[in-house]
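What follows is one structure encoded as structure tokens, with my remarks underneath.
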Amino acid sequence: PKSIMKPAQRRTVKMVLCGNAAVGKTSITMRYKEGSFQKFHEPTLAGAYQEKKIKTKTGEELQLNIWDTAGDERFRSIMPLYYRDAEIALLVFDLTDAETFKGVDYWLNELEERVKTDGMIIGRLAI
């Protein structure tokens, strides 16, 4: 009898980008996913979803489920729906706008209060 080999399992990892409006979350997402850059994007409404398959240095295959969230205050009440169960969070701010840096504290507190995952990675990116 032929042995049936199972295909390698791909682990799914949820990643979320948080930050104030117009700091570059969508630009970062598209640059990472597509390798392209556009200077201007339409504002994200609530959240936008992308997937990217990657292979780690150890050979593990991952599927990143990337949620690019809206930074506009009117969407803040629904943001927990997007970052629930996230394993990776990127906090994004604009170095040329001090108000967006102040917003990092808000997003960091939100994630600490609402996301109950050990080992969350939090990066502060500047564009």
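The values are calculated or read from the model by the stated rules, or taken from the named source; none is laboratory data. Everything numeric here is computed off the predicted structure, so don't read it as measured data. Note that each Cβ is placed from the backbone with ideal geometry, even for glycine, and that neighbours are counted across all protein chains shown. SASA here: full protein model, heavy atoms, side chains in, ligands and nucleic acids out. Shrake-Rupley method; radii C 1.70, N 1.55, O 1.52, S 1.80 Å.
Whole-Hz ³J(HN,Hα) for each residue in the stretch 14-27, computed from phi via Karplus 6.51 cos²θ - 1.76 cosθ + 1.60 with θ = phi - 60°, x for glycine and proline: what do you get?
Karplus values, whole Hz, x for Gly and Pro: 8, 10, 10, 10, 10, x, 4, 5, 6, 9, x, 4, 5, 4.
Hey, got a sec? Which GluC sites (Glu not before Pro) in the stretch 21-78 land in a DSSP loop and have at most 14 other Cβ atoms within 10 Å?
Sparse-neighbourhood loop GluC sites (Glu not before Pro): GLU60.
Express the accessible area of the stretch 32-75 per residue in Å², computed with a 1.4 Å probe while the remaining protein chains stay in the model.
71 Å²
Give, as a single signed number, the net charge of other residues whose beta carbon lies under 10 Å from the beta carbon of GLN50, with Lys and Arg counted +1 and Asp and Glu -1.
Net charge in that neighbourhood comes out at -1.
How about the stretch 12-60: which chymotrypsin sites (Phe, Trp or Tyr not before Pro) there are in a DSSP loop, with at most 16 other Cβ atoms within 10 Å of their Cβ?
Qualifying residues, ordered by number: PHE37, PHE40.
Report the net charge of residues surrounding GLU60, where surrounding means a beta-carbon distance below 15 angstrom and charges are Lys +1, Arg +1, Asp -1, Glu -1. Walk me through the intermediate numbers first.
Numbers: positive: ARG10, ARG11, LYS52, LYS53, LYS55, LYS57; negative: GLU61, GLU87.
Counting the neighbours of GLU60, the net charge comes to +4.
Each residue of the stretch 68-75 in turn: what ³J(HN,Hα) in whole Hz from Karplus with 6.51, -1.76, 1.60 and θ = phi - 60°, glycine and Pro shown as x?
Couplings: 8, 9, 6, x, 5, 4, 5, 9 Hz.
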